[in-house]
Each structure stands twice: as C-alpha cells, then as structure tokens.
Amino acid sequence: MLEISGNRYRLCDGITRRDALKIGALGLGDLTLSQLLREEAVAGIRNSHKSIIMIYMVGAPSHQDMYDLKMDAPSEIRGEFQPAATPVPGLRICEHMPRMAAIMDKCVALRSVHGSPNGAHDSYICYTGRPKPNEPTGGWPAIGSTVAKLQGPTSPGVPPFVGLAPDAGHPPYGSPGLPGFLGVGYAAFRPSGPGKDDMTLTAISGDRLSDRKTLLETVDRFRRDTDASGVLEGLDAINEQAFSILTSSKLANALDLSKEDPKTRERYGKGDAKRFGDGAPRNLEHFLMARRLVEAGARVVTLNFGRWDFHSNNFGGLKGTHLPMFDQGLSALIEDLHERGLDKDVAVCAWGEFGRTPRINKTAGRDHWPQVGGGLLAGGGFRTGHAVGATDRLGASIAERPVHFGEVHASLYRFLGIDANRTAVSDLAGRPRPLVDDYAPMPELS
C-alpha cells in the first residue's frame with residue numbers, strides 16, 4: 001500500500017523520504033511510473049478500444065498432442081491421447097481439453113506455425129513476430145510496446161500494456177514482452193510484483209497527494225539530472241498520468257479479483273500460483289485478471305502459463321499438470337468474452353515458441369522441433385470454427401499453408417486498426433522500422 005503516514009523519519013512537510021521515493025517508484029524497481037508512461041501523452045491516441053490478450057505457453061507445447069493429433073501415425077509418433085469431437089465437422093482436438101473442444105466453433109486452430117530460428121527457448125518470437133538473430137540495436141519491440149507507442153492509453157489511469165508475467169528461473173520464460181529499441185517508456189506495466197501494493201491510497205486523500213507534487217518533481221528532477229544516460233529525460237510531461245493511476249484506483253480495481261462475481265471466479269478457477277519449475281505458474285486467475293484489465297482499458301495484456309518443455313513424461317505432464325488447467329482457464333476466458341459481448345473487441349492468441357518432435361524419445365518425452373508448431377486464436381471478430389494449415393502424417397513438416405509468426409502479428413495489428421506494413425516506428429538510430437517483416441494479415445481470419 002502507499003502508506004504516506006507513519007512513524008518513520010519525516011521531511012519538514014510531514015512526508016517521509018522513504019514514502020516520497022515510494023510514490024515515485026510505485027514498486028517498479030529502478031523505474032518510476034512516470035518513466036513507464038513517458039511520452040504516452042503525445043502518442044497517437046485513438047477513440048476505439050480494441051485489445052489483445054496474448055498467452056505465452058512457456059517452453060513450447062507439443063502441437064500434435066493438442067490441436068493436430070496424428071491418429072494414423074505409428075504409436076511412437078502418435079502417442080497415447082485420443083481425439084475429442086468439436087462442433088466443427090472434421091475438427092478434433094485432444095481429449096484432455098473437453099471444454100475447449102466444446103467451443104472450437106469460437107476458435108481458429110493454427111496447425112502450421114513456423115519461424116522459430118533454432119529451437120532455443122525464448123518468448124521473443126511470440127511477442128515480436130520476429131526471430132532474435134540479427135535484431136537491431138536494442139532489440140525488436142513486443143507488440144504491446146509498439147501499440148503503447150502508436151495508440152497510447154485509453155485512460156490515463158490504465159497503462160496500455162500490462163504484463164502478467166512473474167519472474168522465472170529461465171529469464172526469457174518470465175518476460176512479458178520487451179520494449180526493445182522503443183525504450184523503457186513503453187515497457188509492460190507488471191503488477192505481479194510489489195508494485196501492485198503501491199497502487200492504492202490508504203492513509204492520504206487525493207487532495208493531500210496533490211499538495212506533494214512539488215516534492216515528487218524535486219525527487220524526479222534529482223534522479224534525472226544524475227542519470228547520464230538520459231533514461232529519465234522528459235518524464236515531467238506525464239507526471240499527471242502517474243498521479244491519475246494513484247488517485248483513480250482504476251487499475252488497482254481491475255486487479256482486485258474480490259470485486260468479481262464469485263460464480264465467475266469459480267468458473268475460471270485458481271489453478272496453481274506457484275512457479276512450475278523454472279517456468280511460470282499455472283495461475284488461472286490471470287486469465288480472469290486479463291479480461292478485467294482489457295475491460296478497464298488496457299490495449300495489450302500478456303500472460304505466461306506453465307512450463308510445457310516435457311523432454312520426459314510428456315503425456316503424464318500434459319494430462320496431469322497442464323492441459324486440464326489450461327483447458328479451464330482458456331475456455332472460461334473465451335466464453336466470458338462472448339457472453340459479455342467483447343468477442344469482437346478482444347482478440348486472444350495462445351501459443352509457444354516452437355513445436356515438439358514427432359518421435360517420442362526413450363523417456364516418453366518430446367524434444368524441440370522448430371520446423372513447425374501450433375497455436376490458437378479466438379475473438380477479434382475473426383472468422384472462427386476452422387483450422388489453418390496442416391502438417392504431414394507424422395506432424396513433422398508443413399504440408400499446406402505455412403503460417404509465420406509475423407502473419408499472426410500482422411493480423412493482430414490489423415484488428416487494432418494498424419496497418420503493420422505501412423506503419424513504422426523509429427529505432428535508436430532514427431531509422432524507420434516496419435512493425436512486421438514482409439508478412440500480410442491472414443486472409444483466413446476475414
């Protein structure tokens with residue numbers, strides 16, 4: 001909590017030095033909330049509010065055990081899972097995803113996703129649509145950072161890009177998507193850490209906080225003047241937005257699940273909030289939190305789920321620890337969006353960084369397979385109830401309609417009203433960079 005009153009040493013006007021710094025930092029580590037929001041005031045803000053929820057399936061799930069089962073393949077390829085029927089004729093998915101099977105008419109299964117350069121674990125390609133090798137100085141920005149730059153916030157009280165990504169043992173697993181060459185001003189706001197407790201005023205009124213603006217300006221000016229790299233430059237212009245978050249409590253309310261209908265909370269479930277190995281939690285409440293955040297005004301919300309890197313005991317891990325929880329959380333989110341009339345205003349994308357080997361290894365696992373993977377889209381006003389792409393009989397190579405990560409990103413940008421092929425953002429050298437490489441939006445979604 002933002003405790004302005006207390007018994008610690010105080011400045012002459014009654015506020016402690018520690019609290020002054022706490023106001024400026026808002027639990028964002030070395031960055032102030034003002035830094036996080038800098039330049040958003042001059043970004044191109046649109047009146048429409050469309051949002052993306054992107055779910056990174058940490059460590060890469062096996063495509064052939066979810067949306068692309070190979071029942072005609074030998075047992076050492078096929079595995080032990082059986083298909084479940086869906087409302088879509090000819091479209092079957094894994095039996096351990098019964099809730100998703102029931103709503104596949106509201107989804108698009110992607111069966112031929114490619115673009116991972118080398119099979120290395122990293123959320124980078126999921127969030128940027130580009131491989132990491134040969135990236136520009138600073139790196140490519142994640143879609144959330146680019147949208148924050150181009151469209152800005154819908155409300156001064158809610159950041160446009162929110163990342164529900166707790167830290168992970170393998171750092172790329174815990175990334176919400178990085179701002180790259182756009183800089184820290186367009187980084188994801190991460191409420192999963194101590195910053196969440198600093199977004200609610202408890203012992204001070206909004207009027208009294210306003211009287212302390214001079215103090216905050218002094219602290220930030222000192223930090224800016226001592227930062228030779230200029231990271232803090234220009235934050236004065238948007239201090240109002242930092243105070244708006246504090247005084248409106250709109251973001252804090254969106255993150256407060258106690259305000260949600262108990263029946264809705266039960267529908268989503270809780271999952272497991274503990275980190276799974278060096279991956280992410282299987283936190284089903286993050287699916288609900290994502291829906292509340294886009295309702296509150298966030299444009300892009302990312303969340304990381306589980307650890308799907310089953311080099312051994314693939315089938316036991318999937319059916320015992322991951323698929324049932326994922327099935328509940330994702331189906332609840334998609335159904336909830338439809339019931340609330342948000343299915344045309346919110347696009348959902350769930351995927352991992354690559355696929356898994358067709359042949360099951362000697363420890364009953366599947367290894368890395370960058371040649372092809374899978375994913376799922378829903379909402380966005382997309383044409384749903386079908387699959388895009390296909391792999392061969394063994395699930396080893398793309399048989400028809402390759403789908404690059406960049407095509408999906410181009411489609412998501414178009415959904416937001418951004419022409420990814422004609423819109424550019426400047427890199428650190430001032431060079432205009434297109435939002436995606438030479439990939440067009442997927443015609444199958446229209």
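Couple of notes before you dig in:
- Screening region 222-295 for helices (runs of 4 or more DSSP H) wholly inside it with 2 or more residues that are modelled with pLDDT of 95 or more returns the ranges 262-268.
- Pairs, first modelled with pLDDT of 95 or more in region 365-385, second among the charged types (D, E, K, R) and not in a strand (DSSP E or B), C-beta under 6 Å, six or more apart: Gly374/Asp68; Ala378/Lys106; Gly379/Asp343; Gly381/Lys344; Thr384/Lys106; Gly385/Asp105
- Test: residue in region 303-324 that is touching a residue at least 40 places away in the same chain (Cβ under 8 Å), over 21 Å from Ser62 (Cβ atoms) and acidic (Asp, Glu): no
- Against the conditions (1) outside any loop (DSSP other than H, G, I, E, B); (2) of a type outside the set (D, E, K, R); (3) within 19 Å of Ala168 (Cα to Cα), Trp308 satisfies every one except (1).
- Test: residue in region 106-114 that is touching a Gly at 6+ places or on another chain (Cβ under 8 Å), farther than 25 Å from Asp278 by Cβ and among the charged types (D, E, K, R): yes
- Every pair of residues 6+ apart whose Cβ atoms lie under 7 Å, when the first sits in region 155-181 and is over 18 Å from Asp122 (Cα atoms) and of a type in the set (Gly, Ala, Ser) while the second is surrounded by fewer than 21 Cβ atoms within 10 Å (Cβ to Cβ) and at pLDDT 90 or above: Ser155/Gly297
- Flag for Tyr413 being surrounded by 15 or more Cβ atoms within 10 Å (Cβ to Cβ) and in contact with a Ser or Thr (Cβ under 8 Å, 6 or more places away or on another chain): yes
The values are calculated or read from the model by the stated rules, or taken from the named source; none is laboratory data. The structure displayed is predicted, hence computed values, not measured ones. Every residue, glycine as well, gets a Cβ built from its backbone with ideal geometry; the counts of neighbours run over all protein chains shown.
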